[in-house]
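Since every read-out is calculated from the coordinates, none of them should be taken as a lab result. What you see is a predicted model, and the numbers here were worked out from it, not measured in a lab.
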Amino acid sequence: QVQLVESGGGLVQPGGSLRLSCAASGRIFSIDAMSWYRQAPGRQRELVAAITSGGSTNYADSVKGRFTISRDNAKNTVYLQMNSLKPEDTAVYYCNADVVVTSTLPSFGSWGQGTQVTVSS
């Protein structure tokens, strides 16, 4: 069983910063890509940032230059540093990991429970 546990969400004022963490645990052989998604009320879940096992990154245009995704492979953990936060960043943030359980099987997507980020004065 693979579990993802997120932390770091909360309430922050516009212009402030938050750092989200998501640690994967359980039976894990390796992890390919890791990513962060978010979903605001009435909107579809959208990709915020992604990072490959080798460290290549990709960001949504709306967060580029403000957010930074990183990972610690030894800890099976992905981070999202969020700076210059805006009210429109308010959403539930979910982490995702493409987990390889056994070397002979393909990876599968595993999701965290989500953590609320609220940007408000």
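Rounded to the nearest whole Hz, the Karplus-based 3J(HN,Hα) values (6.51 cos²θ - 1.76 cosθ + 1.60, θ = phi - 60°) of the range 14-25 follow the sequence x, x, x, 9, 9, 10, 8, 10, 9, 10, 8, 9, with x at glycine and proline.
Sequence-ordered 3J(HN,Hα) estimates for the range 87-98 from the Karplus curve with 6.51, -1.76 and 1.60 and θ = phi - 60° stand at x, 5, 7, 4, 4, 8, 9, 10, 9, 9, 9, 8 Hz, glycine and proline given as x. Put simply, the amide H of Lys86, placed in the peptide plane, has neighbours under 5 Å in Gly15, leaving out anything fewer than 5 places away on its chain.
When the Gaussian network model of the chain links Cα atoms closer than 10 Å, the mean-square fluctuations of Asp61, Asp32, Asp72 top out at Asp61.
Across the range 51-68, rounded Karplus estimates of 3J(HN,Hα) from the backbone phi angles (6.51 cos²θ - 1.76 cosθ + 1.60, θ = phi - 60°) give 9, 7, 4, x, x, 6, 10, 8, 10, 5, 4, 5, 10, 4, x, 10, 9, 9 Hz, Gly and Pro being marked x.
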